[in-house]
1. Run down 168, 205, 224 and say which single residue is of a type in the set (Ser, Thr, Tyr) and under 27 Å from residue 135 (Cβ atoms).
2. Tell me, yes or no, whether the range 95-117 has at least one residue that is outside any strand (DSSP E or B), aromatic (Phe, Trp, Tyr), touching a residue at least 24 places away in the same chain (Cβ under 8 Å) and farther than 30 Å from residue 226 by Cα.
3. If we keep just the residues of the range 26-59 that are part of a helix (DSSP H, G or I) and more than 25 Å from residue 131 (Cα to Cα), which is modelled with the lowest pLDDT?
4. Take residue 183 and decide whether it is in a loop (DSSP other than H, G, I, E, B) and within 30 Å of residue 74 (Cα to Cα).
5. Just give me the residues in the range 127-158 being free of Cβ contacts under 8 Å to residues at least 12 places away in the same chain and within 18 Å of the chain's Cα centre (by Cα), in sequence order.
6. Does the range 180-192 contain at least one residue that is open to solvent by less than 100 Å² (accessible area, probe 1.4 Å), among the charged types (D, E, K, R), over 29 Å from residue 137 (Cβ atoms) and over 21 Å from the mean Cα position of the chain (by Cα)?
7. What are the residues in the range 193-214 that are in a strand (DSSP E or B) and surrounded by 12 or more Cβ atoms within 10 Å (Cβ to Cβ), if any?
8. Can you tell me which of 132, 147, 118, 139 is surrounded by fewer than 16 Cβ atoms within 10 Å (Cβ to Cβ) and either of a type in the set (Val, Ile, Thr) or under 19 Å from residue 171 (Cα atoms) (or both)?
Amino acid sequence: MRIAICDDEKEITEEVKDYLCDIQKELDSRMDIYLFHDAKDFLYEIEEMYPYDIVFLDIEIGLYNGIHIAEKLKKKYPATIIIFITGHYQYVYDVFDVQPCGFIKKPLKKKDVEHTFYMALKQSESMPVFEYNYNGRFYRIYLKEIYYITSEKRKIFIIKSDNMGVFYGKMEEVEQKLNQLSNNFLRINQSIIINTRYIKEINYYSVVLEADNKKYVFNISQKYRVPVRKWCMEMWKLS
C-alpha cells in the first residue's frame, strides 16, 4: 500500500508516519510511506509517478490550497482516498466534490489518526483495483468493472465495461494477484479468468457470462473442472 503524507510542517508528517508505523506493526502488512513538505513536489509526483492508495493532505499547505490539490488528485486517480489534516473546520463544506474519507484536526491525536486511517483502509478494501503497466504508463481498474481476462502468447487482455486493457505478463501471476485481491475471480482454462459476479449459467463443461446485454460463452477445460466445481460448492453450497 502506497501512502503519502503532505504537510508543510515537518513535525506533522513525522508524527503521522510514526502512528502509521505502529499500525503497520499491528497489521503485519507493508506500507510504503512518502513524506512531502512542498506542494510543488507533491503535484509533480501525482502527475509523473504512480498513484497513492491513501493521502494525508493539509488543507493549507504553504501558499497552496489543499482542496485544489485534492481535486487534481481525484481527477487523475479516482480511487485514491483522501484524509484532510486541518486546524480549522470551516473547510468541511468546501470539500464535498473530492469526498474525503475524514478530517484530522491539529494538534494531532493518535486515536484520531488511527480511527481515520482504519476507516480509509476499510473503504480502500471495498474498492479493490487491479494495477498494471503498459508502454511506460500505469493503469488502475476497479475489479468490479472487469468481465474476464484472457491471454494470447505474452499479452494479457482485460475485457471490461468501457474498453479493453492490455499488458505483457503471465496468466499464473495475474491469477495469483487477483486471488490476493478478491474471491470473485476464477480460472476456467489456460487462457481465461472470469469475474464470477457476471456468471449467468455454469455447468461442468462451460460457463456463460452476461454483461451490458452481451453474453460470453467459455469452455471449462478438463484441468480446471474439479477446481471450478469445488468453487461452486463452496460459494453456492451446491450438493
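1. Numbers: 205 fails: under 27 Å from residue 135 (Cβ atoms); 224 fails: under 27 Å from residue 135 (Cβ atoms).
It is 168.
2. To start, the set of residues in the range 95-117 that are outside any strand (DSSP E or B) comprises 95-101, 106-117.
Still in the running and aromatic (Phe, Trp, Tyr): 96, 117.
Within this subset, residues satisfying the condition of being touching a residue at least 24 places away in the same chain (Cβ under 8 Å) are 117.
Now drop any that are not farther than 30 Å from residue 226 by Cα, which leaves 117.
There is at least one residue in the range 95-117 that is outside any strand (DSSP E or B), aromatic (Phe, Trp, Tyr), touching a residue at least 24 places away in the same chain (Cβ under 8 Å) and farther than 30 Å from residue 226 by Cα.
3. Keep residues of the range 26-59 that are part of a helix (DSSP H, G or I), which gives 26-27, 39-48.
Within this subset, residues satisfying the condition of being more than 25 Å from residue 131 (Cα to Cα) are 26, 39-40.
Working: 26: 80, 39: 91, 40: 91.
Within the range 26-59, the match that is modelled with the lowest pLDDT is 26.
4. On the way: in a loop (DSSP other than H, G, I, E, B): yes; within 30 Å of residue 74 (Cα to Cα): yes.
Yes; evaluated as a whole, the condition is true for this residue.
5. First, the residues of the range 127-158 that are free of Cβ contacts under 8 Å to residues at least 12 places away in the same chain: 131, 135-137, 153, 157.
Passing the criteria: 131, 137.
6. no
7. Within the range 193-214, the subset in a strand (DSSP E or B) is 193-195, 199-202, 206-211, 214.
Scanning the range 193-214 gives 193, 194, 195, 199, 200, 202, 206, 207, 208, 209, 210, 211.
8. Details: 132 fails: surrounded by fewer than 16 Cβ atoms within 10 Å (Cβ to Cβ); 147 fails: surrounded by fewer than 16 Cβ atoms within 10 Å (Cβ to Cβ); 118 fails: either of a type in the set (Val, Ile, Thr) or under 19 Å from residue 171 (Cα atoms) (or both).
Of the residues listed, the single one that is surrounded by fewer than 16 Cβ atoms within 10 Å (Cβ to Cβ) and either of a type in the set (Val, Ile, Thr) or under 19 Å from residue 171 (Cα atoms) (or both) is 139.
The values are calculated or read from the model by the stated rules, or taken from the named source; none is laboratory data. Please read all numbers here as calculations on a predicted model, not as lab measurements. Virtual Cβ from ideal backbone geometry, glycine too; neighbours counted across all protein chains shown. Please note that ligands, DNA and RNA were not included when accessible areas were found on the heavy atoms of the full protein model with its side chains. Shrake-Rupley method; radii C 1.70, N 1.55, O 1.52, S 1.80 Å.
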